[in-house]
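All remarks here apply to the structure that follows.
Nothing in this text is a laboratory measurement; each read-out follows from the coordinates by a stated rule. Please read all numbers here as calculations on a predicted model, not as lab measurements. Cβ sites come from the backbone with ideal geometry, for glycine too, and all protein chains shown count toward neighbours.
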Amino acid sequence: MWKKVFIANGKGTYEETALFDTGADVSLVDSEVVKRAGLRFLGRTISLRGISGRLIRAFEFKANIFVPEVGHWRKQSVYVPETPVRVDGRVIIGKDYMRATGIELSRKGETQKQNPLLMLLPLVFLAGLFLGSFFGSRSK
């Protein structure tokens with residue numbers, strides 16, 4: 001799924017079209033995005049396994065990413081593959097960003113934001129069961 005995103009470095013904001021890829025563990029950008037946005041290299045490299053199964057070395061940069069559906073900026077590590085990855089865009093948003101911001105992709109191609117309060121419902125339910133059984137047994 002392709003979505004509009006904004007990438008910033010503190011000096012400027014740049015609009016890009018990004019592929020939201022649920023098969024990518026991390027978010028990737030190409031070297032042109034790094035140059036244009038002036039992203040800062042963090043001095044770390046990692047090995048990624050591409051879709052072909054081949055290992056690819058990638059360089060870690062820090063970026064601020066804004067996705068309109070998320071509604072806030074997030075400071076995020078992004079990686080630049082040593083060997084360019086060919087997609088139609090220059091940015092791939094991976095599961096790392098989607099998990100951190102609560103984005104889920106629907107089958108209809110829509111971006112959905114998880115409500116963090118909904119994730120607490122099972123805990124509230126279990127706490128209610130525990131407290132109810134605790135106080136219920138004391139009143140007898």
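For Val33, neighbours were defined as the other residues whose beta-carbon sits under 12 Å from its Cβ, and their charges (Lys and Arg +1, Asp and Glu -1) total -1. Remark: the stretch 28-75 is approximated by an ellipsoid whose semi-axes, taken from the C-alpha gyration tensor as √(5λ), come to 23, 15, 10 Å, largest first. If one computes P(r) from the Cα atoms of the stretch 1-49, what percent of pairs lie at distances over 12 Å? Counting pairs separated by more than 12 Å, the tail of P(r) holds 71 percent.
The stretch between Lys35 and Trp73, if pulled fully straight at 0.36 nm per residue, gains 11.7 nm over its current Cα-Cα span.
Label-to-label distance, Phe66 versus Thr83, with points set 7 angstrom from Cα along the beta-carbon direction: 3.7 nm. Taking the stretch 47-83 and a reference point 7 angstrom along Cα→Cβ of Arg99, the backbone N atoms nearer than 17 Å belong to 47-49, 75-79.
Label sites at Arg49 and Lys4, each approximated as a point 7 angstrom past Cα along Cα to Cβ, lie 3.8 nm apart.
Each Lys or Arg adds one and each Asp or Glu takes one away; over the other residues whose Cβ falls under 11 Å from the Cβ of Glu16, this sums to +1.
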